[in-house]
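The values are calculated or read from the model by the stated rules, or taken from the named source; none is laboratory data. Everything numeric here is computed off the predicted structure, so don't read it as measured data. Don't worry about glycine lacking a Cβ; one is built from the backbone with ideal geometry, like all the others, and counts go over all protein chains shown.
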Amino acid sequence: SDVTLPQLREQFGDEVAELVAGVMRLEKIVERVTGAVDAPRELKDKELVSLRKLLASLTEDDDRIIIIELVERLHYMQTFLAPDFSPADRRRVARETMEVFAPLANRLGIWRLKSELEDLSFRYLQPEMYQKLAEMLDARKGEREARVAQHQALLREELAREGIAQPDIKGRPKHIYSIYRKMQRKDVPFEQIYDREGLRVIVDTKEQCYQTLAIAHRRWEPIPGEYDNYIVNKKPNGYQSLHTAVRGEDGKPLEIQIRTHEMHRIAEYGRAAHWRYKEADLAADEVAQTNRLRGEEAETPAPVSLPQVVYVVTPLGNLFEFPYGATPIDFAYRVHTKVGHTCRGAKVNGIWAPLDYVLQMGDEVEIITGRKGGPSRDWLNEKLGFVGSPRTRQKIRQWFRKQGREENIAQGRLLVERILKQLNIVQLTLAEVAALFTKHYQLPENFFNAVGMGDVTNARIENRVRELLASLPHAEPEEPEELIPERPELSKTTTRVNINSLRGKGDLLTQIAGCCNPLPGDQIIGYVTRGRGVTIHRRDCHNARRLESQEPERMLAVSWGESEELLMAQVVVKAYANTMRSISEVIDDDDQVSLYGMKKGRLDRNNILLLDITLKVTDLAALDALLVEIAKIPKVIFARRRTSG
């Protein structure tokens with residue numbers, strides 16, 4: 001179509017434009033996965049299930065989107081007799097409809113749409129069987145419905161005569177595919193399917209259920225062996241109803257289901273919804289997801305025990321399922337181990353994304369690889385958030401194990417040196433750190449080799465070092481104000497500070513304190529370190545106040561100079577997990593701010609997490625303006641600057 005979304009929005013309003021945009025996004029994903037535009041392909045069973053879950057997840061905020069897509073799919077199926085469709089194309093699309101779109105209609109409770117989609121799909125998937133069953137029904141669908149309406153009226157008269165006023169009697173002629181499934185499930189011929197047409201009777205009380213059953217059996221001949229009492233023998237999923245089959249006015253079988261309004265409510269909306277007990281393979285996460293799609297509350301909310309998952313797509317249309325928290329690196333290793341080893345970057349939905357980006361539902365991910373090289377050891381550092389999957393970490397460790405022992409030892413030494421530097425610990429040697437692990441590694445070289453291979457994690461080393469220092473007298477680091485626990489090293493040399501109260505010393509090296517990360521606009525104070533110049537703190541930093549009370553002679557009056565240099569700042573954001581992309585976009589749009597790093601905390605039961613974001617900013621005013629914009633994002637609970645220490 002030549003009509004653009006802005007034109008739609010102008011003519012029909014935001015609501016219609018958003019619906020159209022949602023449908024377009026769904027169709028784009030379906031076309032990408034199925035290859036409908038470039039090269040149509042037959043999807044595997046697992047891919048069809050994943051596509052179904054993906055579509056349901058993407059539309060759970062507005063079920064009208066999936067309803068529009070279902071109606072469009074029905075129209076598409078109804079035009080399948082066009083001569084330009086090959087038999088292979090018809091079978092492929094029919095299978096997609098049967099496995100993806102009909103179950104979605106079923107889960108939304110749109111039974112008529114579900115039955116039409118299934119019958120049309122069945123017609124092209126098994127044309128001979130469809131034709132055979134259609135002929136055996138010896139009546140068209142309209143005639144079958146007329147027969148049901150006739151029996152509905154007769155039963156209503158009989159119930160009224162016995163004092164059961166205004167029963168809710170619903171006719172439900174069974175469609176062709178449903179009959180075929182029952183024949184397969186029970187392994188019986190067509191003649192032994194007694195519910196080809198049926199009635200569902202809803203009354204007020206349990207006593208009226210049995211009274212209705214007796215009236216139906218008096219009016220019509222019961223078929224032996226076809227009575228089931230699910231009121232007394234409640235199904236494990238909570239379903240209750242009386243089922244019977246009789247021979248109707250014309251001698252043909254007719255199934256009757258009888259239940260109370262409460263039983264019907266539970267069957268429709270609770271643990272035994274019609275679509276649920278007929279689809280035994282429906283996972284618990286799909287049940288909860290469908291209840292949300294239908295705008296229904298579960299009878300008793302139950303905690304979801306299954307891990308939250310996301311479905312992402314490759315540029316070729318392949319679907320992958322990941323636990324929430326997976327990153328592009330996890331995606332690369334899922335495609336192929338070699339792709340993971342040579343991963344150098346990623347594009348998400350056509351835009352460059354950091355390797356620690358958390359994949360979201362429906363993302364299209366493209367991995368950029370290099371010709372040589374291997375994984376980075378930083379990927380094994382859980383604090384940096386590059387990898388979310390233990391399986392990916394295992395593949396990375398296997399790569400390092402295959403490298404030369406001497407290279408791993410050298411890399412292990414560098415990693416331990418980096419940890420000690422980040423912790424600002426100068427009183428321990430590398431040999432002393434290795435001695436902490438003699439229980440498992442008798443020689444220092446064996447320990448450093450294990451570190452280089454990734455078998456000993458950074459967190460494990462940090463914990464052992466801290467335990468040792470805590471057990472020793474006076475074991476605190478020389479300058480505790482520059483410790484940055486569990487955060488990257490942020491102290492950087494800066495030229496933006498003027499020394500106001502030091503004379504005769506010449507120019508001194510200045511650096512920003514990592515504990516408080518002051519910015520132009522903050523009141524600041526300097527501390528003369530031992531051999532590393534002047535460290536600049538915020539005036540309200542608790543480390544600065546402690547140092548001022550202990551060593552006032554080392555404190556200097558300082559002020560901000562003029563420079564275009566960007567400085568580090570840390571903020572913490574509490575938000576729902578699906579807001580991470582919006583937060584990144586707000587940061588990217590700000591010319592006075594650049595993103596340095598983003599770490600995510602654990603999801604709580606409400607799908608909320610804390611984000612620890614490291615930025616480079618020009619000054620305090622720019623940071624404050626950014627926090628205001630982040631706070632405006634829907635589902636962001638708060639955004640604030642990290643406090644000192």
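Here are the numbers for this structure:
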quantity	calculated
Hits in the range 370-379 (condition: surrounded by fewer than 17 Cβ atoms within 10 Å (Cβ to Cβ) and closer than 20 Å to Q394 by Cα)	G373, G374, S376, D378
Test: P307 is closer than 29 Å to G601 by Cα, modelled with pLDDT under 60 and over 19 Å from the mean Cα position of the chain (by Cα)	no
Any pair with Cβ under 9 angstrom, 6 or more apart, that starts in the range 532-549 at a residue that is in the same structural domain as P518 (by TED's automatic domain parsing) and over 19 Å from M568 (Cβ atoms) and ends at one that is surrounded by 21 or more Cβ atoms within 10 Å (Cβ to Cβ) and among the aromatic types (F, W, Y)	L547/Y527; E548/Y527
Residue satisfying all of: in the range 177-217; in contact (Cβ under 8 Å) with a residue 60 or more places away in the chain and outside any strand (DSSP E or B); nearest to R247 (Cα to Cα) among these	Y194
Tally, over the range 323-345, of residues that are outside any helix (DSSP H, G or I) and polar (S, T, N, Q)	2
Residue check for K599: within 22 Å of Y324 (Cα to Cα), basic (K, R) and touching a Leu at 6+ places or on another chain (Cβ under 6 Å)	no
Candidate set from the range 115-135 (those that are surrounded by 15 or more Cβ atoms within 10 Å (Cβ to Cβ) and over 23 Å from V100 (Cα atoms)); member that is modelled with the lowest pLDDT	A134
Out of L436, L414, sole residue that is surrounded by fewer than 18 Cβ atoms within 10 Å (Cβ to Cβ), modelled with pLDDT of 85 or more and over 30 Å from N318 (Cβ atoms)	L414
Any strands (runs of 3 or more DSSP E) falling wholly within the range 529-640 and containing at least 1 residues that are at pLDDT 80 or above and within 25 Å of V310 (Cβ to Cβ)	567-576, 593-600, 608-617
Evaluation of I409 against (1) more than 18 Å from A459 (Cα to Cα); (2) aliphatic (A, V, I, L, M); (3) in a loop (DSSP other than H, G, I, E, B) (one fails), failing number	(3)
The range 140-161, residues that are surrounded by fewer than 15 Cβ atoms within 10 Å (Cβ to Cβ), assigned to a helix (DSSP H, G or I) and modelled with pLDDT under 90	G142, E143, A146, A149
Condition broken by P390, with the remaining ones in (1) on the phi < 0 side of the Ramachandran plot; (2) surrounded by 15 or more Cβ atoms within 10 Å (Cβ to Cβ); (3) not polar (S, T, N, Q) satisfied	(2)
Test: E364 is under 30 Å from G317 (Cβ atoms) and in contact (Cβ under 8 Å) with a residue 60 or more places away in the chain	yes
Subset of the range 412-464 [hydrophobic (A, V, I, L, M, F, W, C), in contact (Cβ under 8 Å) with a residue 60 or more places away in the chain and not in a loop (DSSP other than H, G, I, E, B)]	A459
